[in-house]
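Heads up, the thing below is written out as structure tokens.
Read-outs: derived from the displayed coordinates by stated rules, not from any lab. These numbers were taken from a predicted model, which means no experiment stands behind them. A quick note on method: Cβ atoms are made from the backbone with ideal geometry, for glycine too, and the neighbour counts reach across all protein chains shown.
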Amino acid sequence: MAVSQNSNEDVEKFIQLRTGFVPPPNILQLAQVQNRQADLVNYYLDKERVAALLAASPSERAGAVKQLDRSTAMRLSAENVPEALRQQFDLAAQKPLAVDPKARKVDLRTIGIVTPIKDQGQCGSCWAFGTLAAFESSYARTNKQKLIDCSEQCLLNCSGAGTCQGGFWASKYLRDDGVASERDYKYMANDAQCLGSVSRPYRAVNFGWVSASQDVPTVDEIKAAIAIHGAIAAAVRVTPSMVRFLRNRQAGVVFAEDEKGPVNHAIALVGWDDDKGAWLVKNSWGKQMGEDGYFYIKYGINNIGFGAQWIDAQNEALKVSSVALGALLEDTSPK
């Protein structure tokens with residue numbers, strides 16, 4: 001006898017096949033270490049941005065970077081530094097906000113920095129889709145709203161961050177190795193040998209955690225991160241009632257169940273609505289679920305926002321050498 005859709009058996013099987021976010025037990029320790037690394041990378045990125053302001057050619061830029069070493073150290077140690085140079089650093093370090101973090105409603109889709117909905121299929125690769133949803137949004141934000149389609153299969157087969165049985169954020173792989181395009185490395189929803197010969201033209205320059213002191217950041221912390229970086233990769237606890245809610249495709253309705261328990265699914269946060277008291281979620285279960293692949297979920301329920309990460313994509317107009325810095329950093333991440 002066939003199992004009917006929305007039966008307990010059918011819904012539990014759906015969750016088993018389409019979720020797979022597995023956070024490490026030492027997540028806060030990892031966040032603290034990686035945020036310290038992110039600060040170091042940003043220090044070098046700021047230095048290179050200043051050098052780009054001062055130099056016309058790559059060779060001149062390299063010399064300017066070396067000349068700035070002592071001055072940047074002075075800046076970081078709060079010693080006196082010439083006001084003109086301080087202003088140049090402040091200008092270089094500025095990251096104009098994508099949106100106002102104090103706005104009552106934000107939808108990143110309206111400013112053209114959210115890529116189309118995808119479908120992970122019957123593979124627990126949500127961790128890869130969540131990672132790339134954030135990365136692709138950052139890329140669009142950094143590169144004049146250019147939308148790219150990156151390969152989740154590349155992360156699935158090559159990053160070491162997970163498999164179809166589950167995984168964790170692949171941000172470090174994006175920083176150190178880059179990622180292929182979907183066109184060159186098509187999604188097959190399976191575990192397979194890594195295709196090392198495929199080009200990986202897209203990469204991150206940095207990544208970090210929205211909070212290193214608590215596994216679920218505050219509403220204000222997440223809003224601030226979205227305003228600075230674009231879409232944020234985050235996790236949530238998926239339950240049978242959530243699956244049924246998304247299958248019903250109720251337009252404008254907020255999912256408001258609050259079930260305690262561990263997270264199991266990765267998504268991306270692409271906005272909020274204070275009047276609804278809810279986050280706008282980009283999911284990876286295709287357009288047939290929720291509101292064309294999106295849904296609103298009430299702040300603070302089902303651990304929404306757990307393990308939230310931001311990812312900064314490479315600015316293609318400014319190929320700073322610090323793009324390789326992440327690979328050179330000593331990996332002090334706790335094992």
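Less than 5 angstrom separates the built amide H of N206 from those of D312, all sequence-distant by 5 or more or on a different chain. Close amide H contacts of C150 (hydrogens built in the peptide plane, cut-off under 5 Å, sequence separation of 5 or more or a different chain): E182. Taking amide H positions as modeled 1.01 Å from N, with prolines and chain starts lacking one, the residues under 5 Å from F21 and 5 or more places away or on another chain are G167, H265, A266. Across all directions, the average projected area of the convex hull around the alpha carbons of region 112-199 is 5.2 nm². Listed here are the pairs K102/K144; K13/K172; K102/K260; K223/K260; K118/K146; K146/K260; which of them are more than 27 Å apart at the Cα? Pairs exceeding 27 Å: K13/K172; K102/K260; K146/K260. Based on the alpha-carbon gyration tensor of region 278-317 and its eigenvalue square roots a ≥ b ≥ c, which shape applies: rounded if a/c is under 1.5, prolate if not and a/b is larger than b/c, or oblate? The shape class here is oblate. Our coupling estimate for region 22-39, obtained by passing each phi through the Karplus curve with A = 6.51, B = -1.76, C = 1.60 and θ = phi - 60°, is 10, x, x, x, 9, 4, 6, 5, 4, 4, 5, 5, 6, 5, 5, 5, 4, 4 Hz, Gly and Pro reported as x. Reducing region 268-320 and region 142-196 to their Cα centroids gives an inter-centroid distance of 19 Å.
Extension gain, E257 to D39, is 74.8 nm, computed as 0.36 nm per intervening residue step minus the present C-alpha separation. Sorting 185-193, 113-121, 224-232 by their mean Cβ neighbour count within 10 Å, with the most densely packed peptide first, gives 224-232, 113-121, 185-193.
Oblate is the label for region 138-244. Its Cα gyration tensor axes, ordered a ≥ b ≥ c, give a/c of at least 1.5 and b/c at or above a/b.
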